[in-house]
Amino acid sequence: MSWLLEGATSREELLELHPGLAADHQRILDELWQSSVDPRILELCRLRAATLLRNTHAWDEPRSPAAVAAGLDEAMVQSLSQWVTDDRFDAATKTCLKLAEQYVIDVHGITDEQVAEVAEAIGSDGVVTLTTALATWEISHRFDNALLPQQSSSTNGDR
Amino acid sequence: MSTTPRLASSVEGKGQNIRTVMGHSPKVREAFDGMYATLWSKGEAPVDVKELIRLRNARVTGCGL
C-alpha cells in the first residue's frame, strides 16, 4: 500500500492530495506533449528513463495518447532496450535516447557535442523541451518509486 | 560538464542564462515556472525547510548554480 493514501495505486491519486501542484504538473505534461518534439520520441525517452530508474508503473500505465496518435509502434516499445542496434529507431530518435540515458545515468557526462547533435536533430526549442521533459519524467519516476506500492520485478520482466 | 550554456540566448541583446535559454520553448518554460512557483508558495512545509532541501539536493546532484 502507499504510505500516503490507503488503496492508492497511481500517481494521479497521490497528486490529488495537492490539487494545485497536480494542476501545474498536468499543465507541464500538456505543453510537453503538444510541443514541437515528436511525441513518439518523448514517449520512448520516458519509458527508457523509467527502465533505468526501475519504475515499472510507467510501463504499466497507458502509453501517451499523443504518441499513440502520432503512430507509436508498440513493437518498437517492446524492443526499446535494444535501441542502439535496432534499425527501426531513426537517427533523431537514437540521438534523443542517447541524451535521455546520459541524463539519467550521469548528467555531468553530457557533452557539448552531444547537445549539438540533439539541437541539429530537433532544434534549440527541442533541446529545451526534451531536457525539461527528462526532468519531468525523472520526477515522476522517483515519485512513483518513493510513494507507490512496489511491484514485483519478476512479473514485469527486464524492460 | 560544460561551464557555459550550450544553447544561445532566445532573447536578442541578453546573455545566456537559464531563463533566456529556456525561452526557446516559452510555453514549456511558463508551465515549468508555474509549478516552481506553486512548490514555493503552497503547501505545509516551511519555506526555510524547502530552501534547505533545495540546497541539499543541489549539493548531492553536483549543481553549482
What FRET efficiency comes out for A:LEU4 versus B:CYS63 if R0 is 25 angstrom and r is the Cβ-Cβ distance? Round to the nearest 0.05. 0.35
Reduced to Cα centres, the span from the stretch A:1-53 to the stretch A:123-143 in Å works out to 11 Å
Among A:LEU53, A:THR136, B:GLY43, whose Cα projects farthest towards the positive end of the dipole of the protein assembly as shown, with charges put on the beta-carbon of Lys, Arg (+1) and Asp, Glu (-1)? B:GLY43
Angstrom value of the Kirkwood radius, inverse mean 1/r, which spans all Cα pairs in chain B: 13.8 Å
Take the Cα pairs of the stretch A:23-90, get the Kirkwood Rh, then feed it into Stokes-Einstein at 20 °C and 1.002 mPa s and tell me D in µm²/s. 169 µm²/s
Amide N of the stretch A:105-129 lying under 20 Å from the label point, which is placed 7 angstrom from the Cα of B:GLN16 along Cα→Cβ: A:107-129
Determine the dipole magnitude for chain A: charges of +1 sit on the beta-carbon of Lys and Arg, -1 on that of Asp and Glu, nothing else is charged, the reference point is the Cα centre, and the result goes in debye to the nearest 20. 260 debye
The protein assembly as shown: translational diffusion in µm²/s, Stokes-Einstein, Kirkwood Rh over Cα pairs, 10 °C, 1.306 mPa s: 85 µm²/s
Along the charge dipole of the stretch A:25-117, which of A:LEU44, A:LEU29, A:PRO62 sits closest to the positive end, that is, farthest toward it, with unit charges on the beta carbon of Lys, Arg, Asp and Glu (+1, +1, -1, -1)? A:PRO62
With eigenvalues of the C-alpha gyration tensor scaled by 5 and rooted, the stretch A:60-159, Å: 24, 18, 14
Charged-residue dipole, Cβ positions (Lys, Arg, Asp, Glu), the stretch A:62-123 about Cα centre, Debye nearest 20: 240 debye
Across 10 Å bins beginning at 0, the whole-percent shares of Cα-Cα pair distances in the stretch A:1-56 come to 20, 36, 39, 5
Sparse-neighbourhood loop hits (GluC sites (Glu not before Pro), chain B; DSSP loop; Cβ within 10 Å at most 14 others) -> B:GLU12, B:GLU44
Roughly how much accessible area, to the nearest 100 Å², goes out of reach of solvent when A and B pair up, both sides summed, probe 1.4 Å? 1800 Å²
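Roughly how many debye, to the nearest 20, is the charge dipole of chain B about its Cα centre, given +1 on each Lys and Arg Cβ, -1 on each Asp and Glu Cβ, and no other charges?
Rounded to the nearest 20 debye, it is 160 debye.
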Between B:GLU30 and A:PHE143, what is the label-point separation in nm under the 7 Å Cα-to-beta-carbon projection? 2.2 nm
Give me the inter-chain shielding for A:35-43: mean count of other chain Cβ atoms within 10 Å, whole number please. 1
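The values are calculated or read from the model by the stated rules, or taken from the named source; none is laboratory data. What you see is a predicted model; the values in this text were computed from it and never measured. So basically every Cβ, Gly included, is an ideal-geometry build from the backbone, and we count neighbours across all protein chains shown. Heavy atoms of the whole protein, side chains included, go into the accessibility calculation; ligands, DNA and RNA do not. Shrake-Rupley method; radii C 1.70, N 1.55, O 1.52, S 1.80 Å.
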